Amino acid sequence: MSAECLFCKMVSGKIKPNTVYEDSDVLAFRDINPQAPVHILVIPKKHIATLNDLNQRDEDLVGKLITTAARIAKESGVAESGYRTVMNCNADAGQSVFHVHLHLLGGRVMRWPPG
Ligand code: 5GP
Ligand code: ZN
């Protein structure tokens with residue numbers, strides 16, 4: 001928990017996100033500025049600033065971000081049409097919130113390579 005972190009405030013309930021899934025390890029909510037018809041962020045409840053700060057003990061937790069996203073994709077009806085998962089790390093990737101999060105994007109055709 002980091003007092004100034006936006007996503008920690010969502011975990012603690014100080015700020016109420018548009019939650020789509022929650023359990024003891026992870027929280028998933030709709031992105032405030034969606035880049036696709038389905039744009040959901042899946043975050044660990046534990047504060048980890050960037051992918052560079054992960055350690056081996058976090059491997060199950062990171063796996064859970066992905067399996068949670070895959071399940072939400074199914075529930076959102078985009079599993080068969082397809083979807084993209086993205087984790088941005090630091091400046092070159094455009095990370096703007098420094099609490100690890102996985103973007104789940106779907107409901108439209110994605111371009112490749114990403115910008
Ligand atoms: P990043 O650029 O760090 O990979 O992604 C951060 C994401 O958090 C962005 O897609 C941005 O729209 C989203 N975001 C920023 N502030 C808020 C907020 O207050 N609520 C929600 N739901 N999403 C937010
Ligand atoms: Zn945090």
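The values are calculated or read from the model by the stated rules, or taken from the named source; none is laboratory data. A quick note: this is a predicted structure, and the numbers were derived from the prediction, not measured. Here the Cβ is made from the backbone with ideal geometry for all residues, glycine too, and neighbour counts use every protein chain on show. Quick note on the areas: whole protein, heavy atoms, side chains included, nothing else; ligands and nucleic acids left out. Shrake-Rupley method; radii C 1.70, N 1.55, O 1.52, S 1.80 Å.
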Across all directions of projection, what mean area in square nanometres is found for the Cα convex hull of the chain?
7.3 nm²
Lysines with Cα under 23 Å of Lys46, excluding same-chain neighbours fewer than 8 positions away:
Lys9, Lys14, Lys16, Lys64
Cβ-placed point charges (K, R +1; D, E -1), dipole of segment 6-106 about Cα centre in debye, nearest 20
300 debye
For segment 50-115, what does the alpha-carbon gyration tensor say about shape, rounded, prolate or oblate, given a ≥ b ≥ c as the root eigenvalues, a/c under 1.5 as rounded, and a/b over b/c as prolate?
oblate
Using θ = phi - 60° and the Karplus relation 6.51 cos²θ - 1.76 cosθ + 1.60, list the HN-Hα couplings for segment 50-61 in order, rounded to whole Hz, with x at every Gly or Pro.
9, 4, 5, 9, 6, 10, 4, 5, 8, 4, 5, 5
At a 1.4 Å probe radius, which order do Asp53, Asp58, Asp31 fall into by accessible area, largest first?
Asp53, Asp31, Asp58
If I model a spin label at Lys64 and Leu51 as a point 7 Å from the Cα along the Cα→Cβ vector, what separation in nanometres do I get?
2.1 nm
Across the chain, where is the longest run that never hits GluC sites (Glu not before Pro) in a DSSP loop with at most 16 other C-beta atoms within 10 Å?
5-79
Distance (nanometres) between label positions extended 7 Å along Cα→Cβ at Ser96 and Lys74
3.2 nm
